[in-house]
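Right, one structure below, let's go through it.
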Amino acid sequence: MGMKKKLAGLMALSMMAFGVMAGCGGAQDSGAQAEGGTLRMGTNATFPPYESVDENNNVVGIDADIAQTVADKLGMKLEIINMEFDALIPALNAKQLDFAMAGMTASPERAEQVDFTTPYATGIQAIIVPEDSQIVAIEDLKDKKVGVQTGTTGDKYCSDDLGEEHVQRFESGVVATQALVNGQIDAVVIDNEPAKAYVEANEGLKILDTQYTVEDYAAAIAKDNTEMYDKINGALEELKADGTIDKIIAQYIHE
Ligand code: GLN
């Protein structure tokens, strides 16, 4: 099976699984509190290679692997809860999650609502356009219709810079990219690594050789949960220092 077909299949699967989870409310509705031994991590598994859903309905990717090594280090079990990206911060503050790892940018706006650990990776907001597009630079996005994932930093930059009326929000980058393929929008602004996967999975698209912004990804924890913060941040810092995190990232991203 070709890479494109395989990825498209994976994405279809991940969207299906996401639908099923959304339909039954997901694990976060079980009423379970954090028992001593389980770390509840929230994510949005439509963001390869950081997180996606595999054939067996497991969340896999860089964040899942890093979270597992954090849990191992703390001698705890890891439970991954898949939800919409813009539901993660409310779920943290409602104590339905212990932490979130979702390729989440440690932005100043979010830092007012949650605490961020030391950054563990870098992301770039990239611009996807059709191969024959006239758009060649950020300035060309003016007056165009740009697709974003709801609640992401790409959503914020585009809404601020272009005006809300030029931004169309989608539940995931996969769906935004589909709208681009169908000609409903002129461009998609999204993080560069998922952008590569989406372009790989669809014919006729390219990523512009220009960067909207460079950002830090970090894990997020509720502000009053200092005990959890110290555990997760401490483990992440050790895994960063001993090269484990770079090793995990290198398994997925080959520059
Ligand atoms: N890095 C972007 C943000 O934090 C996108 C994250 C995501 O869609 N999972 O807003």
**Residues within the range 162-174 that are in contact (Cβ under 8 Å) with a residue 60 or more places away in the chain and outside any loop (DSSP other than H, G, I, E, B), tallied** = 2
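For the range 93-108, enumerate the residues that are within 14 Å of the ligand (Cβ to nearest atom) and touching a strand residue (DSSP E or B) at 6+ places or on another chain (Cβ under 8 Å). Steps first, please.
First pass over the range 93-108, keeping only residues within 14 Å of the ligand (Cβ to nearest atom): 100-108.
Those that are within 14 Å of the ligand (Cβ to nearest atom) and touching a strand residue (DSSP E or B) at 6+ places or on another chain (Cβ under 8 Å): Ala100, Met101, Ala102, Gly103, Met104, Thr105, Ala106, Ser107.
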**Asked** Consider Phe170 against the criteria (1) closer than 30 Å to Lys95 by Cα; (2) surrounded by fewer than 14 Cβ atoms within 10 Å (Cβ to Cβ): it satisfies all of them except one. Which criterion is unmet?
**Response** (2)
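Looking at the range 204-235 only, could you name the residues that are closer than 21 Å to Asp132 by Cα and modelled with pLDDT of 95 or more?
Pass one, the range 204-235, residues closer than 21 Å to Asp132 by Cα: 204-212.
Hits for the range 204-235 are Gly204, Leu205, Lys206, Ile207, Leu208.
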**Item:** Residues that are touching a residue at least 24 places away in the same chain (Cβ under 8 Å) and more than 14 Å from the ligand (Cβ to nearest atom), drawn from the range 143-161
**Value:** Lys144, Lys145, Val146
**Request:** Check the range 190-203 and report whether any residue there is within 16 Å of the ligand (Cβ to nearest atom) and surrounded by fewer than 18 Cβ atoms within 10 Å (Cβ to Cβ).
**Result:** yes
**Prompt:** If a residue has to be among the charged types (D, E, K, R) and in a helix (DSSP H, G or I) to count, how many in the range 175-203 make the cut?
**Reply:** 3
**For Ala176: the one exception among (1) open to solvent by 70 Å² or more (accessible area, probe 1.4 Å); (2) over 20 Å from Val214 (Cβ atoms); (3) within 15 Å of the chain's Cα centre (by Cα)** = (1)
**Item:** Residues satisfying the stated conditions in the range 214-255, i.e. of a type outside the set (D, E, K, R) and exposed (fewer than 14 other Cβ atoms within 10 Å of the Cβ)
**Value:** Val214, Thr226, Ala241, Gly243, Ala250, Gln251, His254
**Item:** Lone unmet requirement of (1) open to solvent by 70 Å² or more (accessible area, probe 1.4 Å); (2) within 19 Å of the chain's Cα centre (by Cα); (3) away from the ligand (no atom under 16 Å from the Cβ) for Glu164
**Value:** (2)
**Request:** Answer yes or no: is there a residue in the range 127-141 that is closer than 28 Å to Glu237 by Cα and in contact with a Gly (Cβ under 8 Å, 6 or more places away or on another chain).
**Result:** no
**Prompt:** Residues in the range 43-51: is at least one within 16 Å of the ligand (Cβ to nearest atom), at pLDDT 95 or above, open to solvent by 10 Å² or more (accessible area, probe 1.4 Å) and not in a strand (DSSP E or B)?
**Reply:** yes
**Request:** Those residues that are touching a strand residue (DSSP E or B) at 6+ places or on another chain (Cβ under 6 Å) and basic (Lys, Arg), I need them from the range 127-143; list them, please.
**Result:** none
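The values are calculated or read from the model by the stated rules, or taken from the named source; none is laboratory data. These figures come from a predicted structure and were not determined experimentally. So basically every Cβ, Gly included, is an ideal-geometry build from the backbone, and we count neighbours across all protein chains shown. Just the protein is used for accessible areas: all its heavy atoms, side chains included, with ligands, DNA and RNA removed. Shrake-Rupley method; radii C 1.70, N 1.55, O 1.52, S 1.80 Å.
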